[in-house]
Amino acid sequence: MAMMTMLRNRMHVVLWALLVLFLLSMTVGGLVGGANIIDQLLGRVNPAEAIGLVNGNKITPNQFNQAVNAQMDAMRNSGSPISDRDLERVRNQVWNGFIEEFLTKESIDDLDITVSDQEIIYHLENNPPIDIQRLFYENNVFNEENYQQALKTPGMIDWTPIEAWMKDYYIPRFKLQQYISMSSVVSENDIKEEFIKRNINYTISALHITNTSIKDKVAKPTNEELLASYKSRLNDFKREEKRHISFVSWPKSPTTSDTLRVKQEALEIIKSYNEGDNFIALANIHTMDPSNQVTPDSGRGGDLGWFQKGQMLPAFEEAAFKARSGKVVGPVLTQYGYHIIKVDSIKNKGKDNHQVKAKHILLNIDMGQNTRTDLRRKATLFSYDAQDYGFIAAKDTHSVEIQPSNYLDQSDIFIAGLGPFRTAVKWAFNADINSVSDPLETDDFYAVFTLDSISKEGTAPFEDVRSQVFTAMERDRNLEASSNYANELKSKIETGSSFEKIIKNNKSIEYVPSDKKKLSASFISLGKSEQLIGALLNSKKDKLIGPIKTNRGYGIVRILEVSPFDSTIWANQKNTIKIDLNRIKETSNYQNWMNNLKENAEIVDNRKFHF
């Protein structure tokens, strides 16, 4: 009976989890509308009707927002605070989820993947998904005995929604994954190479020819060369319309009055305790310590357990260790806010292992309503004056600083200096030059913006991308010079010179006399790269190899020692390595498969018109 009660209590939680997984599938599978044929022919879709289009099928605003709200509700229910950045992250996850789910569903249909009742029974009996196993967790461990009992006892739980999810969502994707994994072949040589990377030590000596080593050998590109490179790569500088703005901002941060307000709140809580209120109840009501929460409806009563000196912030520690057992002290100010501390017990007082057991109530010092109103008033007055007299004149009157933010794209989310600020980007692309915004806000700022200029869609002018062209040309020249110089030095070594003689004549070359590492690690100066690993794998002791390309130039390497191959360790690790490589290859193959589908899909993104 107890198990049935537990299952009923857990069932609605699991069904909500399955609903979130199922939502995109249902949306893509049957509820998404196809685009009008004329819209398809002209490559357009009305943003009011669709946030996006995937291979001619609409993702409607209602469907998109429903999926976003489901994830946001899950975050709220877990007790997590939600910021503007979290909202943008969830929107991006949902957008990618819609695309991947649609392309997955399309592939399942193309491959004619179907699911029989026998397959559902087989998976439930022999391979239950982790989402179903969670129904039968005890102490975070799957209780297979209880699961099998529920499976074989009619009426213990309602399997209908689970069977539908298995048939329409889980098993088709499981079979698709198996199909994709067929190409994930791990050879004996793959396993052996991975074993060598993990277990065999290579001792090397090296010369590293970096950009610093050849800086005197490379001429800086002239303006004429830069312009010629620019003209030869015009297609690389195609860009959409860009907007350039300036802004004044007011950070949403607490003031001295907020600190005094929170301190007074702490004193009121202490007063309530002194008048007989229970500290545990007060902590569960008032504390802002996120670690206090057990579930959305219950807390730990502020319990911190036992701690010793050095584990807490200095001010907190000093107050707690000075207090007598049973006493409440505070408010104590730390970087997190004001603490009210109740010392429950003390042991080993006066000894090195002096410990205290305590509870606390944390009150964060947040911006209060009066501070918020004052900041909003400042931003509003500045906006009025900037609209009437100009942005520069208002700056002088209000003694504020103007910051620029250039080359905004219509799909941008972030503004330098402000962080996520999608509403400001949307404003910029609906504004006229020199217009001034009303105060706009995020979780962290109030800000007022002006549109300075517009760069039209087309090829970016040379002056706009000159530094980009210069960086690319300088990088290419440095790499070429490093390679040539490394080859020159290698020839000298092969004809009798040594690493030591070479570095005497060029102190800018980085010299590694000896470094012993496994190939899975990073070598001194040279770092870690597939080129270096591959070269060492295919070489033997006393060999001179290179030039090998690194992240900073080219290296010449001599192998001083290679540790022996241990057949006993090989026998012990072989199967584990094979499993690891299979998993890595399966993940890589799936990601490559999905990326290929995305590259070949016709995707229209209208999010910029909505958010």
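The values are calculated or read from the model by the stated rules, or taken from the named source; none is laboratory data. For clarity, every value in this text was computed on a predicted model and none was experimentally measured. Cβ sites come from the backbone with ideal geometry, for glycine too, and all protein chains shown count toward neighbours. Side chains included, ligands, DNA and RNA excluded: accessible areas come from the protein's heavy atoms. Shrake-Rupley method; radii C 1.70, N 1.55, O 1.52, S 1.80 Å.
Results, tabulated for the structure shown:
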read-out	value
Alpha-carbon gyration tensor eigenvalues x 5, square-rooted, for region 177-220, Å	41, 21, 6
Accessible carbon and sulfur surface of region 481-611 relative to its total accessible area, %, 1.4 Å	48
C-alpha center-to-center spacing [region 251-285, region 152-204] in angstrom	52
Accessible area in the full protein assembly, largest first, 1.4 Å probe, for LYS574, LYS327	LYS327, LYS574
Accessible surface of region 48-170, 1.4 Å probe, proportion on carbon and sulfur as whole %	44
Mean separation of Cα contacts under 8 Å, 6 or more apart, over the residue count of region 488-581: relative contact order %	17
Assigned charges on the beta-carbon of Lys, Arg, Asp, Glu; the chain dipole about Cα centre (debye)	2440
Integer Hz, Karplus 6.51/-1.76/1.60 couplings in order for region 526-542, x for Gly and Pro	6, x, 9, 8, 5, 5, 5, 4, x, 5, 5, 4, 9, 10, 10, 3, 6
Cα-based convex hull volume of region 484-594 per residue, rounded to whole Å³	131
Normalised contact order of the chain, rounded percent, pairs of Cα under 8 Å and 6 or more residues apart	22
Förster-model FRET efficiency, 56 Å R0, GLN178 and GLU275, C-beta, rounded to 0.05	0.25
³J(HN,Hα) computed for each position of region 194-206 - Karplus, 6.51 cos²θ - 1.76 cosθ + 1.60, integer Hz, glycine/proline x	5, 4, 4, 4, 7, 10, 8, 8, 10, 9, 10, 10, 8
Region 261-321 - Debye-derived log10 I(q)/I(0), Cα point model, q = 0.24, 0.26, 0.29 Å⁻¹	-1.15, -1.17, -1.16
Heavy-atom surface of the chain, accessible at 1.4 Å and reported per residue (Å²)	56
Value of Rg to Rh for region 469-520 (Rh from inverse mean 1/r over Cα pairs, i.e. Kirkwood)	1.09
Along principal axes, Cα extents of region 539-611, largest first, whole Å	63, 37, 23
Inter-probe distance in nm under a simple model that places probes 7 Å from Cα toward Cβ, at GLN403 and LYS543	5.4
Theoretical gain in end-to-end length, ALA416 to ALA70 [0.36 nm per residue, Cα-Cα removed]	121.5 nm
Added length on full extension, which subtracts the Cα-Cα distance from 0.36 nm per residue, SER187 to ALA472	98.7 nm
Euclidean distance between Cα centres, region 118-142 to region 563-590, Å	28
Accessible surface of region 333-407, 1.4 Å probe, proportion on carbon and sulfur as whole %	45
Cα-based Kirkwood hydrodynamic radius, the chain, one decimal, Å	31.7
Kirkwood Rh and Cα Rg combined as Rg/Rh, region 201-257	1.32
Mean-position separation - Cα centroids, region 458-526 and region 301-323, in angstrom	53
Stretchable slack from SER497 to ASN127, in nm (0.36 nm times residue separation minus alpha-carbon distance)	126.7 nm
Residues LYS152 and LYS516, FRET efficiency given R0 of 60 Å [Cβ-Cβ distance, rounded to 0.05]	0.50
